[in-house]
Amino acid sequence: MIWVDTIIQGILLGGLYGLFAAGLSLVFGIMRLVNLAHGDLIVMGAYLILVLVTLLGLSPFIAVLLAMPLMFALGWGLQKFVLNRTLGDDILPPLLVTFGLSIVLQNALLEGFSADSRRLPTDALTTASVQVGPIALGVMPLLTFASAIVVIIALNQLFYRTSLGRAFRATSDDPVTASLMGINPTHIFSVATGIAMIIVTIAALYLGLRSNFDPSIGPARLIYAFEAVIIGGLGSLWGTLVGGIIIGVAQTVGAAINPEWQILAGHIAFLVVLLIRPRGLFPRSHD
Amino acid sequence: MAYIVQTRTRASSVAAVIGAVVLILLICLPFFASRSLILDMFTILTMLVLAQFWNLLAGYGGLVSVGQQAFVGMGAYTLFGVVILGGIDPVAAILFSGIGALIIAVPTAFFAFRLHGAYFAIGTWVIAEVVRLLVAQWKTLGGGTGTSLPREATSDMMFVGWIESLLDVRSAAARDVLAYWLALALAVATIGVIYWLLRTRRGLALAAVRDNIEAAKSVGVDAVRMKWVVFLTSAFGTGLTGGLIYMQKARISPDAAFSLNDWTAFVIFIVVIGGIGTIEGPILGVLIFFLLQSLLADFGSWYLMTLGVLAITIMLVAPRGLWGLLSERTGLHFFPVQRRLVATKPTEK
């Protein structure tokens, strides 16, 4: 029974990793850009929510709604003024620029908020649990997992039901032809990064509610997100969630055997998938 | 009119002479410099070697690795392992560091070469994390808290007695001088080997693969083999450097030896600021890096922020780095690899 419990907790943890990874997957799917500062942007989002909560005395769930437009604007500006200039055939500029951004963000957060561990204020809801048969499920992990599913459904709706989504897909397939049809790829890219930042804000909310955070934890979140994206197959959003679940289950099972093996087990699961299916579990037919 | 193909330029001949003078000065440095200057120079030289090897990987091989700390850490831990468990002299143990790094480089390459671009970068990073977590489980070498080199190993180190009597210094200072000379030898050998490699047929093949992999393959370049050569060479050199750095520190912990910031982030900034894809770039970069470090040392995290912003700006404005800007304006190449056609006067027969 304890194993069933461990695996269910792992699946729910996978929801959090799926949220970390969804923004990364979106941006990669559209512009083949890998943002190495993604994890630090999540941590920054958590600090932004913390500031709003502290200054305005809001509940974190309300503060996140205020943080979203701010993060959208930040993502839009970042893409428009910095990252768009790095796109091209050469893979070095985007990697090195986002890597530099990651170091800058970490140290700016360190300067602004010190290295102390912080946490978003929790209330009764965040510590509550529901009894399902013999297993107690935390309300917070359930909420995280549900949010991950809602985010992915919403993104799929956006992609396949709206004209913006059509523009996203067209630009992803062929930016030059898309621009002949009146689409401005650089504008599309900026909007896409803005939307990715909204998902980052949601991920930041759950990061801050479920555990402590400090300025140095971004890179580890980036690695989990990346592993989820690669396991799932590039550009497949549901695959990304499955990838997150695999990492989550591997981590909780590893931790159940030996607490020191938690992170290691996640990485090893990733390497095993990579060995068996180099293109991930649900690869796209092209690229 | 006859033509010959040559790579040497007047600037490179002058640079060779200046380089030789600087080298002699550097060799003699311990005879007149203070101990703190020797230690600073040790840091500069070891960072330069790490930067040259990362530059070989990313700038020439197109393999952007964010996992170089795996080889630094593995090299360092191999050194501690053979010294503590095997009782080998630390200086001789440095060679094992390179081998230790190679041992993990082979499976790393096997995994990472399945990934491209950014995915390769993250793949190498994940493997470095795995190695760090595994090493932290190794209780004989201190586990997560780390360990120190035994006193008897450091005090009886090769050459130290000789340096003590030569320079008339205490054994601690003599050990630093020894580390400095080894770092200098390693830096010269690294630049020499990389320059030689780039001027051979392999170097041409490497440039061809970097510029256009399909075209290179079509004229018979074995691209996969080139990747292996570059990856293993740089892992070996990075491992040696890791061993040397921790021989000097004489104290190790997994978090320090596998630090992403110290052994990969700084190195990337050095190469990007100096100029990626050139041998001169990392040399210029390491000097700027060290200058900034001494200027901003008291400002803590502002220092890293400045470095990051500088690297981003350079990548956006001048992707070939400061040396790239300079050589574009002036046509200077101290380590030319370009083969040029030079017209010579017809010789009288």
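Readers should treat all values here as calculations from the given coordinates under stated rules, not as data from a laboratory. Just so you know, these numbers come straight off a predicted model, no measurement behind them. When we count neighbours, we look across all protein chains shown, and the Cβ atoms used for this are built from the backbone with ideal geometry, even at glycine.
Applied to region B:258-274, the Karplus parametrisation 6.51 cos²θ - 1.76 cosθ + 1.60 on θ = phi - 60° returns per-residue 3J(HN,Hα) values of 10, 6, 5, 5, 5, 9, 10, 4, 4, 4, 5, 4, 4, 5, 5, 5, x Hz, with x for Gly and Pro. Quick check on region B:164-300: what does the Kirkwood estimate of hydrodynamic radius come out to from the alpha carbon pairs, in Å? 17.7 Å is the Kirkwood radius here.
In units of the rule-of-thumb radius 2.2 N^0.38 Å, region A:136-190 shows an alpha carbon radius of gyration of 1.61.
Put in line by how crowded their Cβ is, counting other Cβ atoms within 10 Å and starting with the fewest, A:LEU137, B:LEU244 read A:LEU137, B:LEU244. In angstrom, the C-alpha Rg and Dmax of the protein assembly as shown are 26.2, 102. Need the C-alpha centroid separation for region A:1-31 versus region B:50-100, integer Å. Here the two parts' Cα centres lie 35 Å apart. Extent of region A:129-261 along its three principal axes (Cα atoms, max minus min coordinate, largest first): 58, 32, 26 Å. Using only alpha carbons, chain A has a radius of gyration to Kirkwood radius ratio (Rg to Rh) of 0.97.
In terms of surrounding Cβ atoms within a 10 Å radius of their Cβ, A:VAL150, B:VAL219 rank from fewest to most as B:VAL219, A:VAL150. The HN-Hα couplings worked out from phi for region A:205-216 by the Karplus form 6.51 cos²θ - 1.76 cosθ + 1.60 (θ = phi - 60°) are 4, 6, 4, x, 7, 8, 8, 6, 9, 9, x, 8 Hz, whole numbers, x standing for Gly and Pro. Convex hull volume per residue, computed on the Cα atoms of region A:68-145, equals 180 Å³. Region B:141-177 and region B:224-290 have Cα centres separated by 24 Å. Spread over its residues, the convex hull of the C-alpha atoms of region B:178-255 is 96 Å³ per residue. Entry for region B:261-349 at q = 0.11, 0.19 Å⁻¹: log10 I(q)/I(0) = -0.39, -0.85, Debye formula applied to identical alpha-carbon scatterers, no solvent contribution. Can you grab the distance from the C-alpha centre of region B:202-216 to the C-alpha centre of region A:182-246, Å, no decimals? Each part's Cα centre sits 35 Å from the other's. For region B:32-144, count all C-alpha to C-alpha pairs, find those more than 22 Å apart, and express that count as a whole percent of the total. Pairs farther apart than 22 Å: 43 percent.
Helix content alone sets the calculated 222 nm mean residue ellipticity of chain A: runs of n ≥ 4 DSSP H residues at -39500 (n - 2.57) each, divided across all residues, give -24500 deg cm²/dmol. Its DSSP H runs of at least 4 residues, each contributing -39,500 (n - 2.57), put the calculated 222 nm mean residue ellipticity of chain B at -23000 deg cm²/dmol, to the nearest 500. A Cβ-based charge dipole, computed about the Cα centre of region B:25-275 with Lys and Arg at +1 and Asp and Glu at -1, lands at about 500 debye. Using +1 at the Cβ of each Lys and Arg and -1 at the Cβ of each Asp and Glu in the protein assembly as shown, identify which of B:THR233, B:TRP138, B:SER259 lies farthest towards the dipole's positive end. Checking the options against the dipole of the protein assembly as shown, the answer is B:THR233. Each eigenvalue of the Cα gyration tensor of region B:25-275, multiplied by 5 and square-rooted, gives one semi-axis; in descending order these are 32, 22, 14 Å. Neighbour counts of C-beta atoms inside 10 Å place B:SER12, B:SER253, A:SER102 in the sequence B:SER12, B:SER253, A:SER102, starting with the fewest. Its Cα centre serving as origin, the protein assembly as shown has a Cβ charge dipole (Lys and Arg +1, Asp and Glu -1) of approximately 1500 debye. A viscosity of 1.567 mPa s and a temperature of 4 °C, combined with the Kirkwood radius over C-alpha pairs in the Stokes-Einstein formula, give region A:1-147 a diffusion coefficient of 73 µm²/s.
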